[in-house]
Structures are given as C-alpha cells and as structure tokens.
Number of protein chains: 2
Amino acid sequence: MSYGLTPSHTNVQVNRRYKHFDWLYARLVERFPVISVPHLPEKQATGRFEEDFISKRRKGLIWWMNHMTSHPVLAHCHVFQHFLTCGPDEKAWKLGKRKAERDDLVGANFFLTISPPEVPLDLQEVESKVEGFRSFTKRMDENIIVVNNSITEFARKQMTGFKKEYQKVGQSFRVLSQAFELDQQAYSAGLNKALAYTGETYETIGEYFAEQPRHDLDPISDLLDIYRGHLANFPDIVDVQKGALTKVKDCPQEESALHQRCNIISCATLAEIQHFHRTRVRDFRAQMQHHLQQQISFFQKITAKLEDALQRYDEQ
Amino acid sequence: MSYGLTPSHTNVQVNRRYKHFDWLYARLVERFPVISVPHLPEKQATGRFEEDFISKRRKGLIWWMNHMTSHPVLAHCHVFQHFLTCGPDEKAWKLGKRKAERDDLVGANFFLTISPPEVPLDLQEVESKVEGFRSFTKRMDENIIVVNNSITEFARKQMTGFKKEYQKVGQSFRVLSQAFELDQQAYSAGLNKALAYTGETYETIGEYFAEQPRHDLDPISDLLDIYRGHLANFPDIVDVQKGALTKVKDCPQEESALHQRCNIISCATLAEIQHFHRTRVRDFRAQMQHHLQQQISFFQKITAKLEDALQRYDEQ
C-alpha cells in the first residue's frame, strides 16, 4: 500500500510507502533536537477493525503532512524535500537517501545552521516562557484525557443508550398503532398509518444517534490522540533548552560561546513553541467547526424526519 | 377553587367547583347505562407536587368537558345543560339540581327515550361488532401500558442520562478551554472563548433535554391515563348489551318486546362505540401532532444554539 502525494510547488505526484515515512521520521528526529516531529500514525492494523484502522491511519498521515508542510523549518529541510519530490528513479532516491543519512548537521550540530537575531534574548524571560510552556503542555495533556474520556463515553451512550431509548419509544408507538388497527374504519386509517410512521421515525432517529459519533466525535478523538503524541515530544525539547540554560548560569562571561549557543537554542525553542501554538489553534478551531457543523446537520436531519412524520397526520 | 366555563351557545360564563363536577358525574353515570362517562381527574393533591397536580387536573377537566360537549347524547341532556348554563341564582341551581336527582329516566329507563331506526339490527352482526370492540379495548388498554412505560422511561432518561451526558461533554470542552487559556496570546483568545461558549452550549442543551418531557411526553402520558379510565367503563357497557342479547336468544318470538328492547340497547351501544372511536382518533391525532410539533421546536432550538456556538469560531 502506497500513498500518493502531490506537493503544491511541483504538482507532480510521488508515491510513498509507510516504510518511507518511517525512514523520513527517523531522519527528522535525529536532525532537529528542539523541533517536535509528531509521531506517525501506528503502522499495524490489529484485529478486526482493519478498514476503520486504515482510514484512521490515512487521516493521521494527512494531518502529519499538513503539520510538516506548514512548519517553517521542517517543510524546507533537504530530506523532506527529497521525500516530497524525488520521482520513481530508484537511483536518485537512493542517492538522496544516502546523502540524508550522512548529513553531519544533525542533533547538536543543527544549531550551527541557525543565525539568531543580533540582540540576544533575555534569558530570564526565556526561562519563564519555557517554564510556562512546560505547564501548558502538562495541563493540555491532562485535560485532553478528560475530554477524550467524556466524548468516548458520549459516543458510547449515543451508540447504545440513546439509540435504544429512541427505538423503544418508536416500537411503543408502533404497538399503539397495531392496537388501533383493530378498528378498520376509514376515519381511523390515516391516524394508524401516521402513528406507525412516527414509530419508524423514532427508530430511524435512534439509528442516526448511533451513527453520529463517527462523524463528529471520532474525529475530535483522533485529533486528541495526535496531540497527545505531539505533546509527548516537548519534555525532551524543554530539557535541551534547560540544559543549555543551566550551563550558562555557571558561566560568568556574558559574551562567551556558551551564551551564544544558549541564545540560539532558546531562539529555536521559542520559535517551535510559537509554531506549536499556532498549529494548535488552527487545528482545534477547524476540528470544533467541523464538529459543530456535523452536529447542526445531524439535528436538522432529525427535524426534517419529524416534520415528515408530522405531515402524515394531515392525510386522512 | 372554582372553574370558569363559558359555553359557546350562551357565551355566558358560569363558575363551578369540583364538587359540582362530582355531582354531575354521579347523575350522568346513573342515567346512561351504555354511555361511557369518563372519570373526573382526581380531586385531592397528594404531597408536594401540588402545582403540577393542579395544572394536570385543570387539563383533565378541559379534556373531560371537550368529551362531554362533543358527545351527541351527553352534551344535550338536561342535567348537563343545567350545569353549563345555570347562573349564580342559588334558587334556580337548587331547583335544577332537585329536578335532575328526581329524574325517572335513569338506568334501564334511559332506553325508553330512544327511538331506534325502523329496520331492526342484525343481532349476529351486533354481537360480532361488540365482541370486536371488547377485543379492541382490551388490546388498547394493554398497549397503552407499554407506551406509557416507554415514554415514562424515555422522559426519565432525558431528565437524567441525556442531560448528564451533554453536560459532561460541555464541561470537558470548558476544561480544554481552561488549559488553552494558559496561552494568553492574541491569536488564541478567539478559540478559547469559542470553546468555552461551546462548553456552555452543551450544558444548555443538557438542560433543554431535561425540560423537554414536560412539553411533549407528559401530555401523551396524561392522555393515556385519561383513556385508561375511559376504557375501564366499557366492560360494563358491553355486559349490558350482552345481557340483553342472551335474554333474546332464549326467546323465540322475533317481534317480542324483548327483541325490541335488545334492538334499542344495541343501537345505543353501537352508537357509543362509534363515538368512542371518533373521539379516540381525534384525541390521539391532536396529541401526536402536538408532540411532534414540540419535538421539532426542540431540535430547532438545539440547532440554533449550535449555530450560535459555531459563529463564535469566526470571531478572531
């Protein structure tokens, strides 16, 4: 199974298998110490939900690619561009692959590629911002669990409880219409049919409730999962910056190479934090909009169904 | 506490207390052996639900009066007209009251007031129709219990389970917005507010679910209660007719007074059965229409609330 990617700057489709993503991920992680490279969606389908799994993985990869292409550093790095643009020529692919694997500017050397602004950052301010971000990610991670539990439970209730309640009411209206059908006079027939139809309507609404979480709760749940993985990268990033800061604190010369290096690491870390927040706001806004639009369609669908049932009572 | 009644044929309001209804009910029951005079709603409020109780009794009395005024015999009988039209003159009231209590044409004598059609009914056909009605009322009574259990349970679930689920989701969205509020940058503020508002919205929708049964399930439940009482009158009515039929079967002369009497009783019984079906169809159609209209308004209210929440995500 391979995934077709068509970068907007080349408009030429390339095909990549999961193992290529996996290889790219490994390169990026070793290359960028203070950039969060989100985890790839899981590789292996487990058990019987294979179709759901494949669809979820595809959505996960789409989100992953969107994150990559909107990231100012990741999007432009050589290995990612090679991944995005190298055509079916096996030799060219291997060449680029070897070049990326031999790259020296990985890990700590990444910082050599960064030119910081002329005025160095106030390291106390950096410390407070990074500490604030550490609290933020911890709190966000905790609260994501709360939200995920609530919406998972809500989905479960809709698929079982809500469905069952609507269907029981629907069945009871049908039962009433069955009693009424013992009276076969002409003026009864319209009500009997309308009542039976109302019964069906409630059973259908029960089905609607059961199907709905796939459309509006599962996507939130998927995003929360993606963000849990994403958030898990930040403790290490924060540690890199903290380590640099600790060393600087022990060094009295303000203009030292250590200070300069810490300044670069801090610039990169704050830029990454900023990018995280921007994509977070973008992703959660889009997901909540999608959720509410789906909910609105859902309740409109129910309303239309009920209006249809109501009309049946006018037919004599 | 008295109830103001304004008959459409006099347009003059009279005031009657519950005890006057009770007195009228007793007169009607003793007077009409094959007419179902529905039970009055219960007199006494028990315990703490007094306000609900009074409102339910008022609705019950309105249904009772509608049933009376649409019944071709009950509506025109002297005692009911006295009840409907006698003004505040205490002497006139007592005079009519005494006259009604001394009425001779009660019980079996009621049949003396009926002129049957010239061609007597086919008694076998009558027997089959009455038997059919007996099955009908039995089945309707049984199925009313099923419906009442379902909608009572549905109301309970909406007031507790559904409400709780929506509120838990609402709270979890708030919790997420609280985590997000740790990031105080300008581009975050819009999402934070919109998320908090979505949380409130779900809590409000939970309240809507909890309130809704009062508007669309309780009225059905009330109607079902009224009909259970109404249906309970019919076994006695059917027995009167069956008793007459049994006597006739033992009597060989087709033109006997016994045959004539049985014909009259059968005419009256069939007319009453017919009237029951007509009012049943009218009452259940109206109640189901009311129910569906209320449900439609309910889901439209939810949709509007969600649309309002969705709009908040456009404000940056």
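The values are calculated or read from the model by the stated rules, or taken from the named source; none is laboratory data. If you're wondering where the values come from, they're calculated on a predicted model, not measured in any experiment. Neighbour counts are summed over all protein chains in view; Cβ atoms, including those assigned to glycine, are modelled from backbone coordinates with ideal geometry.
Within region A:303-316, identify whether any single residue is among the small types (G, A, S), part of a helix (DSSP H, G or I) and either closer than 30 Å to A:T201 by Cβ or in contact (Cβ under 8 Å) with a residue 60 or more places away in the chain (or both), and answer yes or no.
yes
Restricting the search to region B:121-142, which residues are surrounded by fewer than 20 Cβ atoms within 10 Å (Cβ to Cβ) and free of Cβ contacts under 8 Å to residues at least 12 places away in the same chain?
B:D122, B:Q124, B:E125, B:S128, B:E131, B:G132, B:S135, B:K138, B:R139, B:E142 - these are the residues of region B:121-142 that are surrounded by fewer than 20 Cβ atoms within 10 Å (Cβ to Cβ) and free of Cβ contacts under 8 Å to residues at least 12 places away in the same chain.
For B:Q287, are the conditions met, namely being of a type outside the set (K, R) and not in a helix (DSSP H, G or I)?
For B:Q287, the condition - of a type outside the set (K, R) and not in a helix (DSSP H, G or I) - is not met.
How many of the residues in region B:3-20 are closer than 21 Å to B:S55 by Cα and surrounded by fewer than 11 Cβ atoms within 10 Å (Cβ to Cβ)?
So the answer is 4.
Just give me the residues in region A:135-149 being hydroxyl-bearing (S, T, Y) and more than 7 Å from chain B (Cβ to nearest Cβ), in sequence order.
A:T137
Looking at (1) at the interface with another protein chain (Cβ under 7 Å from one of its Cβ atoms); (2) surrounded by fewer than 16 Cβ atoms within 10 Å (Cβ to Cβ); (3) of a type in the set (V, I, T), which is the only condition B:V169 fails?
Answer for B:V169: the failing condition is (2).
Go through region A:67-113 residue by residue and tally those that are out of contact with any strand residue (DSSP E or B) (no Cβ under 9 Å at 6 or more places or on another chain), surrounded by 13 or more Cβ atoms within 10 Å (Cβ to Cβ) and not in a helix (DSSP H, G or I).
7
What do you reckon, is A:G243 without any contact (Cβ under 8 Å) to a residue 12 or more places away in the chain and either in contact with an Asp or Glu (Cβ under 9 Å, 6 or more places away or on another chain) or assigned to a helix (DSSP H, G or I) (or both)? Break it down into steps so the answer makes sense when it comes.
Working: without any contact (Cβ under 8 Å) to a residue 12 or more places away in the chain: yes; either in contact with an Asp or Glu (Cβ under 9 Å, 6 or more places away or on another chain) or assigned to a helix (DSSP H, G or I) (or both): yes.
Taking the combined requirement at face value, the residue satisfies it.
Quick check on B:V73: is it touching a His at 6+ places or on another chain (Cβ under 9 Å) and either over 20 Å from B:L223 (Cβ atoms) or within 14 Å of chain A (Cβ to nearest Cβ) (or both)?
Numbers: touching a His at 6+ places or on another chain (Cβ under 9 Å): yes; either over 20 Å from B:L223 (Cβ atoms) or within 14 Å of chain A (Cβ to nearest Cβ) (or both): yes.
Against the criterion (touching a His at 6+ places or on another chain (Cβ under 9 Å) and either over 20 Å from B:L223 (Cβ atoms) or within 14 Å of chain A (Cβ to nearest Cβ) (or both)), B:V73 qualifies.
Does B:F162 meet the test of being surrounded by 16 or more Cβ atoms within 10 Å (Cβ to Cβ), in contact with a Lys or Arg (Cβ under 7 Å, 6 or more places away or on another chain) and assigned to a helix (DSSP H, G or I)?
Details: surrounded by 16 or more Cβ atoms within 10 Å (Cβ to Cβ): yes; in contact with a Lys or Arg (Cβ under 7 Å, 6 or more places away or on another chain): no; assigned to a helix (DSSP H, G or I): yes.
No, not satisfied.
Looking at region A:273-281, can you tell me whether even one residue there is in contact with a Leu (Cβ under 8 Å, 6 or more places away or on another chain), more than 14 Å from chain B (Cβ to nearest Cβ) and surrounded by 15 or more Cβ atoms within 10 Å (Cβ to Cβ)?
No: zero hits.
Among the residues of region A:104-155, how many are of a type in the set (F, W, Y) and over 18 Å from A:I237 (Cβ atoms)?
Within region A:104-155, residues that are of a type in the set (F, W, Y) and over 18 Å from A:I237 (Cβ atoms) number 1.
Considering only region A:86-101, how many residues are farther than 18 Å from A:Y25 by Cβ and either in the same structural domain as A:A257 (by TED's automatic domain parsing) or among the basic types (K, R) (or both)?
Final tally of qualifying residues: 2.
Does B:R174 meet the test of being of a type in the set (K, R), more than 25 Å from A:G206 (Cβ to Cβ), in a helix (DSSP H, G or I) and more than 9 Å from every other protein chain (Cβ to nearest Cβ)?
Considered against the rule, which asks whether it is of a type in the set (K, R), more than 25 Å from A:G206 (Cβ to Cβ), in a helix (DSSP H, G or I) and more than 9 Å from every other protein chain (Cβ to nearest Cβ), B:R174 comes out as yes.
Condition (residue is within 14 Å of another protein chain (Cβ to nearest Cβ), in a helix (DSSP H, G or I), surrounded by fewer than 17 Cβ atoms within 10 Å (Cβ to Cβ) and not hydroxyl-bearing (S, T, Y)) applied to region B:222-233: is it met by at least one residue?
yes
Would you point out which residue out of A:Q241, A:Q167, A:Q260, A:Q184 is at pLDDT 95 or above and not aromatic (F, W, Y)?
A:Q167
Which is touching a residue at least 12 places away in the same chain (Cβ under 8 Å), crowded, with 18+ Cβ neighbours inside 10 Å and either in contact with a Gly (Cβ under 8 Å, 6 or more places away or on another chain) or part of a helix (DSSP H, G or I) (or both), of B:W64, B:W23?
B:W64
If I filter region B:286-309 for residues that are farther than 30 Å from A:V169 by Cβ and surrounded by fewer than 17 Cβ atoms within 10 Å (Cβ to Cβ), do I get at least one hit?
no
Would you mind finding the one in B:A179, B:A155 that is in a helix (DSSP H, G or I), of a type in the set (A, V, I, L, M, F, W, C) and within 31 Å of the chain's Cα centre (by Cα)?
B:A155
Is it the case, given these coordinates, that B:F209 is of a type in the set (F, W, Y), within 31 Å of the chain's Cα centre (by Cα) and facing chain A (nearest Cβ under 7 Å)?
No.
Taking the condition of being surrounded by fewer than 18 Cβ atoms within 10 Å (Cβ to Cβ), among the hydrophobic types (A, V, I, L, M, F, W, C) and either under 11 Å from the mean Cα position of the chain (by Cα) or at pLDDT 85 or above (or both), how many residues in region B:26-61 meet it?
Number of matching residues: 4.
Let me spell it out: the conditions are (1) within 14 Å of chain B (Cβ to nearest Cβ); (2) surrounded by fewer than 18 Cβ atoms within 10 Å (Cβ to Cβ); (3) of a type in the set (D, E), and A:E118 meets all of them except one. Which number is the exception?
Condition (1) is where A:E118 drops out.
Which pairs turn up if I take residues in region B:248-276 that are without any contact (Cβ under 8 Å) to a residue 40 or more places away in the chain and look for partners that are of a type in the set (D, E, K, R) with beta carbon separation below 8 Å, at least 6 apart in sequence or on another chain?
B:L258/B:K247
Taking region A:5-31, which residues are over 14 Å from A:H82 (Cβ atoms) and in contact with a Lys or Arg (Cβ under 8 Å, 6 or more places away or on another chain)?
Hits for region A:5-31 are A:Y18, A:D22.
Can you find a residue that is within 20 Å of A:D218 (Cβ to Cβ), hydroxyl-bearing (S, T, Y) and facing chain B (nearest Cβ under 7 Å) anywhere in region A:150-159?
The answer is yes, given that some residue of region A:150-159 is within 20 Å of A:D218 (Cβ to Cβ), hydroxyl-bearing (S, T, Y) and facing chain B (nearest Cβ under 7 Å).
Please work out which one of (1) touching a Phe, Trp or Tyr at 6+ places or on another chain (Cβ under 8 Å); (2) at pLDDT 90 or above; (3) not basic (K, R) is the condition A:M1 fails and give its number.
Tallying (1) touching a Phe, Trp or Tyr at 6+ places or on another chain (Cβ under 8 Å); (2) at pLDDT 90 or above; (3) not basic (K, R), A:M1 fails exactly one: (2).
Since A:E101 meets every condition but one in (1) more than 8 Å from chain B (Cβ to nearest Cβ); (2) closer than 17 Å to A:V240 by Cα, which condition does it not meet?
All conditions pass for A:E101, except number (2).
Considering only residues that are out of contact with any Leu (no Cβ under 7 Å at 6 or more places or on another chain) and more than 7 Å from chain A (Cβ to nearest Cβ), which ones fall in region B:179-193? Spell out how you get there, then give the answer.
If we filter region B:179-193 for residues that are out of contact with any Leu (no Cβ under 7 Å at 6 or more places or on another chain), which is where we start, we get B:179, B:181-193.
If the condition is that a residue be out of contact with any Leu (no Cβ under 7 Å at 6 or more places or on another chain) and more than 7 Å from chain A (Cβ to nearest Cβ), then B:E181, B:Q184, B:A186, B:A189, B:G190, B:N192, B:K193 are the ones that fit.
Just one of (1) part of a loop (DSSP other than H, G, I, E, B); (2) assigned by TED's automatic domain parsing to the domain that holds A:S266; (3) acidic (D, E) trips up A:E127, so point out which.
The one condition A:E127 does not meet is (1).
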